[in-house]
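The values are calculated or read from the model by the stated rules, or taken from the named source; none is laboratory data. It should be emphasised that the depicted structure is a prediction, and the values quoted were computed from it without experimental measurement. Don't worry about glycine lacking a Cβ; one is built from the backbone with ideal geometry, like all the others, and counts go over all protein chains shown.
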Amino acid sequence: MPITKYEGKTFENQVFKLEECWFVNCVLRRCVIFYSGGPYELLNATFDNCQWKFQGPANQTFQLLTQIGVLKPGQAPPPQIQAKGSA
């Protein structure tokens with residue numbers, strides 16, 4: 001899967017698949033972020049009022065964490081997230 005590096009950019013109202021992006025010093029506002037559970041790269045990335053859509057293994061993990069009480073049903077991510085790492 002090809003990975004596109006974005007550096008020093010601000011995005012608004014766009015759609016991304018997290019596993020296909022490497023965000024470095026970026027701000028994402030009101031974007032839709034799809035995540036399927038694969039590796040990703042983030043370095044000083046800010047997510048501001050973004051929608052998170054979990055698919056495949058990521059969605060299964062999300063469902064399990066809700067069922068065992070780690071996450072509350074319907075719990076949404078915080079409106080602003082500052083991310084600095086990778087998986």
Practice task
Could you run through segment 47-82 and say how many residues are within 11 Å of the chain's Cα centre (by Cα) and surrounded by fewer than 10 Cβ atoms within 10 Å (Cβ to Cβ)?
Solution key: 0
Exercise for the section: Quick one: which residue in CYS26, CYS31 is within 11 Å of the chain's Cα centre (by Cα) and on the phi < 0 side of the Ramachandran plot? Expected result: CYS31
Problem - Complete set of residues in segment 1-42 that are at pLDDT below 95 and in a loop (DSSP other than H, G, I, E, B) - result: MET1, PRO2, ILE3, GLY37, GLY38, PRO39, TYR40
